[in-house]
Amino acid sequence: MPEYHVTWEIDLDAADPVDAARKALTIQRNPTSWATVFTVHDDAQTATVDLDPNDRDAFGASGPHIVLAP
């Protein structure tokens, strides 16, 4: 099975690093959060993956949207 490195990034204001981590965790765990975009790396490529279940393409289909880095 391949190994992947997955990251999620957010910019936010906080009192200190612990406060920032707690705020980010709260956002990630919120079921209505828009924190659904991840950068996924493997040995060969990098992809941006959006898992927003409410995001629909031009044909009305939902599902993961993947953009591969050049």
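Rule-based calculations on the coordinates, nothing more; no lab input. Since the model is a prediction, treat every value here as computed from it, not as a measurement. Neighbour counts are summed over all protein chains in view; Cβ atoms, including those assigned to glycine, are modelled from backbone coordinates with ideal geometry.
Brief remarks follow.
- Relative to the longest principal axis of the Cα atoms of the chain, helix 17-29 runs at roughly 40 degrees.
- Beta bridges per DSSP with both ends in the chain, % antiparallel, nearest 5: 100
- Rg/Rh for the chain stands at 1.04; both radii use Cα atoms, and Rh follows the Kirkwood definition.
- For Thr46, the residues whose modelled amide H falls within less than 5 Å of its own, excluding neighbours fewer than 5 places apart on the same chain, are Ala69.
- Taking 7 Å steps out from each Cα toward its Cβ at Ala44 and Asp13 produces label points 4.5 nm apart.
- Over the chain, DSSP H runs of length four or greater, each weighted -39,500 (n - 2.57), average out per residue to a 222 nm ellipticity of -6000 deg cm²/dmol.
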